[in-house]
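The values are calculated or read from the model by the stated rules, or taken from the named source; none is laboratory data. Keep in mind that what you see is a predicted model, and the values were worked out from it rather than measured. Methodologically, a virtual Cβ is constructed for each residue, glycine included, from the backbone with ideal geometry; neighbour enumeration extends over all protein chains shown.
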Amino acid sequence: MVAEAARSRPGVFDLLGFVDPAPCYLTVQLVAIPRLGGDEALESNAAQVILGIGAIGINSVRKDLVARLPRRQSGWARVIDARAWVSPSASIGEGTVVMAGAIVQTGAKVGVHCVINSGAVVEHDVELGDFAQVGPAAAIGGGAVIGEGSYVGLGARVRDHIRIGSRVLIGMGAVVVSDVPDGLCVTGVPARTKSK
């Protein structure tokens with residue numbers, strides 16, 4: 001998905017390939033982009049810009065990899081699919097990917113290495129912490145704060161002006177109407193705490 005988002009902006013990115021510990025034969029065929037190797041290939045391509053790092057749910061894969069790699073000469077790219085809309089007054093951190101159909105509204109502040117998936121809505125003045133992810137078709141109401149490393153699941157809704165802590169997992173389709181402290185998992189309508 002990151003490769004296709006980058007390809008939606010011809011002339012901006014020159015895709016060399018992707019890195020994955022697994023062979024990924026199907027991905028190579030489907031996306032028509034070569035696999036450069038496992039994580040060791042990142043070291044040999046040290047001067048290149050890295051577009052994005054995938055991960056699902058609450059985990060530290062992206063954060064650990066970013067910390068482990070030396071800073072690139074040209075930094076981490078911001079990949080915004082041509083079919084997404086990002087307000088000129090919004091700020092998007094390096095290493096962040098905004099997928100097709102996503103909307104990032106006025107005054108939103110998106111941290112570094114975030115993923116805003118297909119069709120997600122990040123409303124006005126939302127603060128999205130570093131390494132947070134917003135699932136496909138999820139919506140975050142204006143002025144809400146989502147903490148570092150949190151995951152807003154597919155189709156979930158987060159009410160405006162509430163605070164979601166760090167490393168919170170908001171389950172698929174959940175409707176969050178009140179603040180959620182760090183490290184919890186919430187599911188349901190309205191969302192309630194569930195053990196991870």
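If you check VAL86, VAL115, VAL110, VAL122, which single one turns out to be under 13 Å from ALA5 (Cβ atoms) and free of Cβ contacts under 8 Å to residues at least 60 places away in the same chain? Let's see the steps before the verdict.
Working: VAL115 fails: free of Cβ contacts under 8 Å to residues at least 60 places away in the same chain; VAL110 fails: under 13 Å from ALA5 (Cβ atoms); VAL122 fails: under 13 Å from ALA5 (Cβ atoms).
Result of the check over VAL86, VAL115, VAL110, VAL122: VAL86.
From the set of residues in region 140-166 that are surrounded by 21 or more Cβ atoms within 10 Å (Cβ to Cβ) and in contact with a Ser or Thr (Cβ under 6 Å, 6 or more places away or on another chain), which is farthest from VAL61 (Cα to Cα)?
Per the criteria, the residue is ILE164.
Identify the single condition in (1) over 17 Å from the mean Cα position of the chain (by Cα); (2) at pLDDT below 80 that GLN29 does not satisfy, given that it satisfies every other one.
GLN29 satisfies all of (1) over 17 Å from the mean Cα position of the chain (by Cα); (2) at pLDDT below 80 except (2).
Being farther than 28 Å from VAL66 by Cβ and among the acidic types (Asp, Glu) is the filter here; which residues of region 146-178 pass it?
ASP160
Residues that are in a loop (DSSP other than H, G, I, E, B), under 13 Å from the mean Cα position of the chain (by Cα) and at negative phi: does region 155-164 have at least one? Reasoning before the result, please.
The initial filter retains those residues of region 155-164 that are in a loop (DSSP other than H, G, I, E, B), namely 155-156, 159-162.
Subsequent filtering for residues that are under 13 Å from the mean Cα position of the chain (by Cα) retains none.
Scanning region 155-164 turns up no residue that is in a loop (DSSP other than H, G, I, E, B), under 13 Å from the mean Cα position of the chain (by Cα) and at negative phi.
Can you tell me which residue within region 86-113, out of those that are assigned to a loop (DSSP other than H, G, I, E, B) and of a type in the set (S, T, N, Q), is surrounded by the most Cβ atoms within 10 Å (Cβ to Cβ)?
By that ranking, first place goes to THR96.
Has region 15-26 got any residue that is over 26 Å from ALA67 (Cα atoms) and surrounded by 16 or more Cβ atoms within 10 Å (Cβ to Cβ)? Steps first, answer last, please.
Step one: list which residues in region 15-26 are over 26 Å from ALA67 (Cα atoms), which gives 25-26.
After this cut, where a residue has to be surrounded by 16 or more Cβ atoms within 10 Å (Cβ to Cβ) as well, the list is none.
Checked region 15-26: no residue is over 26 Å from ALA67 (Cα atoms) and surrounded by 16 or more Cβ atoms within 10 Å (Cβ to Cβ).
Find the residue count for region 114-154, including only residues that are in a strand (DSSP E or B) and either closer than 15 Å to VAL97 by Cβ or of a type in the set (A, V, I, L, M, F, W, C) (or both).
Total meeting the criteria: 13.
Considering only residues that are surrounded by fewer than 24 Cβ atoms within 10 Å (Cβ to Cβ) and under 12 Å from GLY95 (Cβ atoms), which ones fall in region 114-133?
ASP130 - this is the single residue of region 114-133 that is surrounded by fewer than 24 Cβ atoms within 10 Å (Cβ to Cβ) and under 12 Å from GLY95 (Cβ atoms).
Which is closer than 28 Å to CYS185 by Cα, at pLDDT 95 or above, under 17 Å from the mean Cα position of the chain (by Cα) and polar (S, T, N, Q), of SER118, SER60?
SER118
For region 143-161, check the following and say yes or no: at least one residue is in contact with a helix residue (DSSP H, G or I) (Cβ under 8 Å, 6 or more places away or on another chain), closer than 25 Å to ALA6 by Cα and not charged (D, E, K, R). Before you say what the answer is, go through the steps one by one.
Quick first cut of region 143-161, residues in contact with a helix residue (DSSP H, G or I) (Cβ under 8 Å, 6 or more places away or on another chain) only: 149.
This time we only want the ones that are closer than 25 Å to ALA6 by Cα, so: 149.
Right, trim to not charged (D, E, K, R) and you get 149.
Yes, the conditions are met somewhere in region 143-161.
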